[in-house]
Amino acid sequence: MVGRGAEDLPRSHERSHAKQVPLVKARQALPLIALSSLLAALPMTSTAADDGVRAPLRSQTVRPALQFVGLPWTNSLGMTFVPVPGTRVLFCIWETRVQDFSAFVQATRHDTGNAMYVAGTHGWETRLGFNWQKSGFDQSSTHPVVGVNWDDAQAFCRWLTESERQAGLIKEQQCYRLPTDAEWSLAVGLTNETGRTPHEKFLGVRDVFPWGTNWPPPKAAGNFDPSLGVDPFARTAPVGSFAANRYGLFDLAGNISEWCEDWWDEEKKFRVLRGAAWNNDCHLCLMSSYRFPNLPAMRIDYYGFRVVLDLKQSERKAATPLQLQQKACAADGTCKELFP
Ligand SMILES: [Ca+2]
């Protein structure tokens, strides 16, 4: 798929997404799992192919095989972050929740508009009066926020950065932002992509999914279209309702599609989204290397975002007050550098 013309991507996108919107047309909880249990469940040495899908953590017996030292880190909103090897950032383990975005809007009175692209009775349509607070379906505070565009996500990151700098929780040079497309790939386990832009990397690695290499997705692999029959959620699910991946990240496979920082290509018209969503059932769009473009102003009821905390590499060894240690250690005392 590398080298496809930018002009044919939207049409392909449309064909492969009977239940997604055409490009540019319009259009908790996770009861805070005991972190020790969460981290103990992380098989740091596994591969994408052998990850498989584990039972939800709530019903899982975990073995204390590996644990991070000094990690994860939880911020002022209760968002938990873990390192992803090969990156210089900490990833939020969850998609940004309704409660996180609500705190931002309450503090800033940020205007999120009064129209959203939603699945209506006659298909996808722009609906006035809908926004992240009125998505058209039930959402609790721990569901991922939807109907937020790339600019809304940027505003959230700026506010959170400034708030936590002022509170002394992060350093002046550290910041919250969206993950880059390349960082998101590493988070989902893709280390061998080629291409300069997200467009060039589109579906470059075939038949690798966030849960492994088997198709269709096994039970509890994530929150996808009900036609796949792998989850009980018709729309969004509380973040963290399914097993985490090897790094402790939830819902990379589904729930909502996540804005990334990058432009789609050198035209710099579209931003990038990664990960499938609650309305996706197609083989291609659930692959880890799938990504798609849309206008940064687009608000849709299956678009949301996840944030990272950029530690700034040059400062990472003096990351106080975060006091981050950059390695994971096994029970036998052997440790692995997370930022080699
Ligand atoms: Ca997701």
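The values are calculated or read from the model by the stated rules, or taken from the named source; none is laboratory data. Computed from a prediction, not measured in an experiment: that's the story for all the values here. All Cβ positions, even for glycine, are placed from backbone atoms using ideal geometry, and neighbour counts span all protein chains on display.
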Is there a residue in region 214-222 that is within 16 Å of the ligand (Cβ to nearest atom), part of a loop (DSSP other than H, G, I, E, B), of a type outside the set (Gly, Ala, Ser) and at negative phi? yes
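Look at ASP251 and say whether it is outside any loop (DSSP other than H, G, I, E, B) and of a type outside the set (Ser, Thr, Tyr). Don't jump to the end; show me each part of the working.
Numbers: outside any loop (DSSP other than H, G, I, E, B): no; of a type outside the set (Ser, Thr, Tyr): yes.
Answer is no for this residue.
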Suppose the filter is within 11 Å of the ligand (Cβ to nearest atom), in contact with a strand residue (DSSP E or B) (Cβ under 9 Å, 6 or more places away or on another chain) and over 21 Å from PHE137 (Cβ atoms); does ARG274 pass it? yes
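Restricting to region 128-140, name every residue that is more than 14 Å from ARG235 (Cβ to Cβ) and crowded, with 19+ Cβ neighbours inside 10 Å. Quick ask: steps written out before the conclusion?
From region 128-140, those more than 14 Å from ARG235 (Cβ to Cβ) are 128-129, 131, 133; that's our starting set.
Residue satisfying the conditions is ASN131 alone.
Here is a yes/no grid of residues against (1) of a type in the set (Lys, Arg); (2) within 16 Å of the ligand (Cβ to nearest atom); (3) surrounded by 23 or more Cβ atoms within 10 Å (Cβ to Cβ):
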{"site": "THR194", "(1), (2), (3)": "no, no, no"}
{"site": "PRO232", "(1), (2), (3)": "no, no, no"}
{"site": "VAL239", "(1), (2), (3)": "no, yes, yes"}
{"site": "ALA243", "(1), (2), (3)": "no, yes, no"}
Going by the conditions given, is GLU267 at pLDDT 95 or above, of a type in the set (Asp, Glu), part of a loop (DSSP other than H, G, I, E, B) and at negative phi? yes
Give GLY123, GLY86, GLY147 a once-over and let me know the one that is surrounded by fewer than 23 Cβ atoms within 10 Å (Cβ to Cβ), within 22 Å of ARG235 (Cα to Cα) and either touching a Lys or Arg at 6+ places or on another chain (Cβ under 9 Å) or at pLDDT below 95 (or both). GLY123
So LEU160, is it more than 16 Å from the ligand (Cβ to nearest atom) and assigned to a loop (DSSP other than H, G, I, E, B): no
With region 87-155 as the region, which strands (runs of 3 or more DSSP E) entirely inside it contain at least 1 residues that are hydrophobic (A, V, I, L, M, F, W, C) and within 16 Å of the ligand (Cβ to nearest atom)? 89-92
Do you know which residues across region 249-271 are within 12 Å of the ligand (Cβ to nearest atom) and of a type in the set (Phe, Trp, Tyr)? PHE250, TRP259
Pull up region 202-220, narrow it to residues that are crowded, with 22+ Cβ neighbours inside 10 Å and not aromatic (Phe, Trp, Tyr), then point me to the one that is nearest to the chain's Cα centre (by Cα). PRO210
Residues of region 155-205 satisfying the condition of being closer than 25 Å to GLU266 by Cα and aliphatic (A, V, I, L, M): ALA155, LEU178, ALA182, LEU186, ALA187, VAL188, LEU190, LEU203, VAL205
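Every residue in region 134-154 that is farther than 23 Å from LYS269 by Cα, out of contact with any helix residue (DSSP H, G or I) (no Cβ under 8 Å at 6 or more places or on another chain) and not small (Gly, Ala, Ser), please.
Once the filter is applied, which keeps residues that are farther than 23 Å from LYS269 by Cα, out of contact with any helix residue (DSSP H, G or I) (no Cβ under 8 Å at 6 or more places or on another chain) and not small (Gly, Ala, Ser), region 134-154 yields LYS134, PHE137, ASP138.
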